[in-house]
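A quick write-up on the structure given underneath.
The values are calculated or read from the model by the stated rules, or taken from the named source; none is laboratory data. All figures in this text were calculated on a predicted structure; none of them were measured in a lab. Note that each Cβ is placed from the backbone with ideal geometry, even for glycine, and that neighbours are counted across all protein chains shown. Ligands, DNA and RNA are excluded from the accessible area calculation, which covers all protein heavy atoms including side chains. Shrake-Rupley method; radii C 1.70, N 1.55, O 1.52, S 1.80 Å.
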Amino acid sequence: MTIMFNKLEEVVLKTGERMEVGVITAPDTPHAEEIKQFLGHKPGNYKWHIERCVTEPLDALETRFYVGKLDGNVITNIMTVEHEGIGILGHVFTLPQQRRKGACKGVMAHQMEDFRRRGGRALYLGTGYNSAPYNIYYNFGFESVFPASGFMHYPVNADFAERYFATAPAHPKPIEWHDWPKVTALSAIVGWDTLRSLTWGVYGPTNLEGGFLAFKHELETEDIYADAKVLIAQNGAIVGWATVNRDARWRRTCAVLDLFFHPNFAEAAPALLAALTFSDAKIQCYVDEGATVKADILAAAGFDCEARLKEQFAYNGRRYDVLVFSRVS
């Protein structure tokens with residue numbers, strides 16, 4: 001599939017130059033090399049995604065590069081990855097010699113307008129709290145997911161989370177590329193389990209822009225995970241995840257189970273757990289002391305609480321005990 005550059009508008013920069021603003025929807029063969037070179041400084045898995053998405057479909061993931069051009073050349077970029085109106089905004093970059101002209105703001109104004117026009121529901125991003133970029137995003141309607149955080153979200157409607165995560169039937173399925181922004185929306189929920197994924201290092205609300213990419217790369221290229229599933233609600237929302245992977249400390253005898261779900265979908269969590277294929281090893285799941293619903297689900301599935309680790313980790317000024325649940329396959 002080849003989709004050419006779609007011009008959105010022209011923007012007059014502070015210098016008086018006229019910048020062409022448009023969107024490149026991946027995959028796009030004519031612009032593939034230009035995008036790869038422009039964002040070639042991106043590290044590791046970010047570069048892996050860019051190089052793949054410009055030349056091949058990644059399941060149903062929608063990757064868009066909103067760019068500003070001077071004399072036909074890209075000088076600034078904002079990328080979004082989306083599925084069904086849920087997206088992550090990233091790779092905001094302007095060539096050093098083209099900065100302080102208002103180029104990025106000019107592109108972002110049209111990117112945000114286009115997101116709303118297409119029926120977008122929520123965008124997520126990560127930046128430094130109270131930094132110059134943070135204040136730019138704030139002026140476009142983004143807010144911290146939780147106080148004093150650079151993890152930001154932009155719900156088009158104020159009741160987005162309430163409606164999106166409303167109780168509904170849900171079932172487990174394999175993880176796909178287009179789950180990326182939706183898993184990030186799930187990881188953004190506030191006021192629930194603190195220890196959400198030991199393997200991914202998710203404690204409390206967390207931006208999974210990079211975390212999901214690292215996981216997806218390992219899933220496709222390495223023999224680390226015995227299984228991984230997500231829980232999908234009737235409206236398409238990802239409302240839970242579960243992974244089983246080798247414990248690096250005890251590779252031959254032990255594996256780690258991570259289980260996280262939205263509180264409105266606790267009744268569907270046992271089905272998610274049951275859908276996993278466990279390795280032929282002892283399975284351990286680490287549960288923070290406040291995650292009583294998760295603890296009950298594990299106990300009902302035949303896991304025994306074999307230990308309590310006192311003050312095992314600190315989060316947001318508080319130390320937490322961790323319960324270790326285990327089961328031998």
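So what does the Cα-only Debye profile of region 162-222 read at q = 0.26 Å⁻¹, as log10 I(q)/I(0), no solvent term?
-1.28
Ratio of region 120-239's C-alpha Rg to 2.2 N^0.38 Å, to two decimals?
Dividing the Cα Rg of region 120-239 by 2.2 N^0.38 Å gives 1.10.
Kindly provide log₁₀ I(q)/I(0) values, in the same order as q = 0.14, 0.25 Å⁻¹, from the Debye equation applied to equal alpha-carbon scatterers of region 85-180.
Ignoring solvent entirely, the Cα scatterers give -0.63, -1.43.
Keeping all protein chains in place, calculate the accessible area per residue for the chain (probe 1.4 angstrom), answer in Å².
45 Å²
Kirkwood Rh, the chain, all Cα pairs: how many Å?
Roughly 21.1 Å, rounded to one decimal.
Probe radius 1.4 Å, ligands and nucleic acids ignored: give me the carbon and sulfur share of the accessible area of the chain as a rounded percent.
Of all accessible area on the chain, carbon and sulfur atoms account for 49 percent.
For region 1-118, what is the convex hull volume of its Cα atoms per residue in Å³?
Cα convex hull per residue, to the nearest whole number: 98 Å³.
How high is the relative contact order of the chain? Use alpha-carbon pairs under 8 Å, at least six apart in sequence, and give a whole percent.
11 percent
I'd like the accessible area for M152, computed on protein heavy atoms only with a 1.4 Å probe and all protein chains in place. Round to 10 Å², please.
0 Å²
Evaluate the distance, in nm, between pseudo-label points positioned 7 Å from the Cα of D321 and of K36 along their respective Cα→Cβ axes.
5.5 nm
For the charge dipole of the chain, defined by +1 on Lys and Arg C-beta atoms and -1 on Asp and Glu C-beta atoms about the Cα centroid, which residue among A307, H262, V92 has the Cα displaced farthest towards the positive pole?
Comparing the listed Cα positions along the dipole, V92 ranks first.
Please list, in order along region 251-261, the HN-Hα scalar couplings obtained from phi with the Karplus expression 6.51 cos²θ - 1.76 cosθ + 1.60 (θ = phi - 60°), rounded to whole Hz, x for Gly and Pro.
These are the phi-based 3J(HN,Hα) values: 4, 8, 10, 9, 10, 10, 9, 10, 9, 9, 8 Hz.
Determine the alpha carbon to alpha carbon distance for each of K36/K229; K229/K294; K173/K294; K36/K69; K69/K101 and list only those over 22 Å.
Those over the limit are K36/K229.
For A255, what residues show an amide H to amide H distance below 5 Å, using hydrogens built from the backbone and excluding near sequence neighbours?
Amide H neighbours of A255, under 5 Å, 5+ apart: D247, K282, I283, Q284.
Throw me the Rg/Rh for region 126-171, computed over C-alpha atoms with Kirkwood Rh, two decimals.
My calculation of the ratio gives 1.13.
Write down the percent of antiparallel bridges among all DSSP beta bridges whose residues are both part of region 85-229, to the nearest 5.
So the antiparallel bridges amount to about 75 percent of the total.
Based on the Cα coordinates of region 229-329, what is the per residue volume of their convex hull in Å³?
So the per-residue hull volume is 110 Å³.
Please give me the summed charge of the neighbours of V202: other residues whose Cβ is under 13 Å from its Cβ, Lys and Arg +1, Asp and Glu -1.
Around V202, the surrounding residues sum to -3.
What whole-number distance in Å separates the alpha-carbon centres of region 234-280 and region 66-105?
36 Å
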